Every structure is written in C-alpha cells, then in structure tokens.
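Student: Following this message is one structure expressed as structure tokens.
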Amino acid sequence: MKANIKFVTEKFNVFNRQIFANELPMLPIRIGHARTSLGGLACNKKTNLFGKTQYYNFRMIISDSIDLPQEELEDIIIHEMIHYFIAYKQIQDTSAHGKLFMKMMNDINKRFGRHISVSRRQTASELDTTYTLPPKPRYICITELADGRTGITIAPKTRIFQLWKTMPQLFKTKSCRWFYTTSPYFGRYPTCLKPKIYIVEKEELQKHLQGAVPLKNDGHTISAES
C-alpha cells in the first residue's frame, strides 16, 4: 500500500497508545514523494543561554513513492516516532541513530514483533526506477565543527559566494569544503538562503559524497578543483 494522511494519522494514534504510552502529542503529518528517504522527522531547534539545544515545531513526512506491504509502512512510521520521542523529550542521543535510538528500536521489535531497521534496502526494481529520475545538481558545503560534529548546507547557485564567505565567520568551524553533486540523497535537505547547518552522521555522508566534485573559489568564479 502507499502512504496517505488518513492511514498515517490512524497508525500514529494506535502506536502512540500501544508503544509510547500516549506521551507524544499529535504533530503535522505530510505525505512526500521522495524515493531516497521514505520517512523523516523535521523540527526547529534553538540553543538557550546555557548552551542546551531545544527542539520544537515537529513535523513528520512519510513518502508515498513506493507501494509497500502494510507492515513495512507501519515500521517506517514507528521509526519516525522513535525519533520524535527522543527529540520531544529533549534527550541527547549519541547520533541520529545512536545508542538510545537503537535500544528503543530493538526493544520495540522484541516486545511487539516489529521489524524496524535503521535503513530500508530497496529492491532492484525500485533502484532501477530511482535511477531513471533526472539528476538535480546541488552545491553543498560540508562543515567540520569545532566540537567534532559534521554538518551540511545546500546553497542555491545565486548565494554560493555569500555563503562561502560567511559560513566560517558565523560558526565555530574547523573547515568548510564545497562540492558539486547530483546525488539524490541531498534532496532531503532544504536549500538555504541564509547560513544554516544541518548536522549529519559523517559515515553516512561519506557514502553519498562519492563522485562529488570538490570546488574552489578564487573570489570571482567557482570552479572544480584541478
């Protein structure tokens, strides 16, 4: 079956009651069309005066791009609800799929007979369909932060010079590297008109940077590194 608002909302309420003790407030649910990411949890965040990050304004996105068995679609919804639970409770995990996420996922799989996983393996036919989609070029900045985290920024072509200059000035960075890529993985992140960094898992990022073209900036033109 393919995801729709009615199904996702109903299952959210069922799993909230069965698995999460009704501790999760209903949040806006949107049906997306991405093939590279079948589920996602978006939110805003801010840092208070004590340096603690707070998460708010949660939204869930479930893709309708692939016709899935109902149980698999339910597992995707629960996967995103685990992310929601951790963020809503303002709990700091070791990474996006860190120790707490993995513990919750494994506990739920054992207690409720689910098959939730960190990522979903696509079938050959799905991959064939994915690769027939026209590639979209993107200009991305990979930022190594002073605290060891890695972030990405997707820049529109018209803002590259401005963001190239301001990113290192506004954030505590070790390095900022720019790339040109057509990988569909980066379509899950919004294009930034202003300096903004989205924290990612470094190991996951490296897989999708294969084939990306490093860029250089001489102050007048952006070009591929020789």
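Student: Could you list the square roots of 5 times each eigenvalue of the Cα gyration tensor of the chain, that is, the equivalent ellipsoid semi-axes, sorted largest first and rounded to whole Å?
Tutor: Semi-axes, largest first: 33, 22, 15 Å.
Student: Another one. For a quick check of your reading of the filter: which trypsin sites (Lys or Arg not before Pro) in the stretch 1-79 sit in a DSSP loop and have no more than 14 other Cβ atoms within 10 Å?
Tutor: Answer in residue order: K2, K52.
Student: With a 10 Å Cβ neighbour count serving as the proxy for reagent exposure, in which order, fewest first, do M105, M26 appear?
Tutor: Ascending number of Cβ neighbours within 10 Å: M26, M105.
Student: Below 8 Å between Cα atoms, with a sequence gap of 6+, how large is the relative contact order for the chain in percent?
Tutor: Reported relative contact order: 15 percent.
Student: Once you order the gyration tensor axes a ≥ b ≥ c over the Cα atoms, which shape class does the stretch 138-219 get: rounded for a/c under 1.5, otherwise prolate or oblate by comparing a/b with b/c?
Tutor: Rounded.
Student: Can you tell which of D147, D107, D67 shows the greatest fluctuation in a Gaussian network model of the chain with Cα springs below 10 Å?
Tutor: Fluctuation is largest for D147.
Student: I've got another one for you. Return V8, V118 ranked ascending by Cβ neighbour count within 10 Å, so the fewest neighbours appear first.
Tutor: V118, V8
Student: Can you give the extra length, in nm with one decimal, that the chain gains between A21 and Q90 once fully stretched, where that is 0.36 nm per residue apart less the Cα-Cα distance?
Tutor: 23.1 nm
Student: Quick one: of K11/K99; K157/K207; K52/K207; K157/K216; K89/K207, which pairs are farther than 20 Å apart, Cα to Cα?
Tutor: K11/K99; K157/K207; K52/K207; K89/K207
Student: Averaging the inverse of every distinct alpha carbon separation and then flipping it gives the Kirkwood radius. What is it for the stretch 5-127, in angstrom units?
Tutor: Value: 15.2 Å, from the Cα pair sum.
Student: Translational diffusion coefficient, Stokes-Einstein: compute it for the stretch 1-63 using the Kirkwood radius over C-alpha pairs as Rh, at 37 °C and 0.692 mPa s, and state it as an integer in µm² s⁻¹.
Tutor: My calculation gives 247 µm²/s for D.
Each reported figure results from applying straightforward, stated rules to the coordinates on display, with no laboratory input. This structure is a prediction, so every number in the text was calculated from the model and none was measured. Neighbour counts are summed over all protein chains in view; Cβ atoms, including those assigned to glycine, are modelled from backbone coordinates with ideal geometry.
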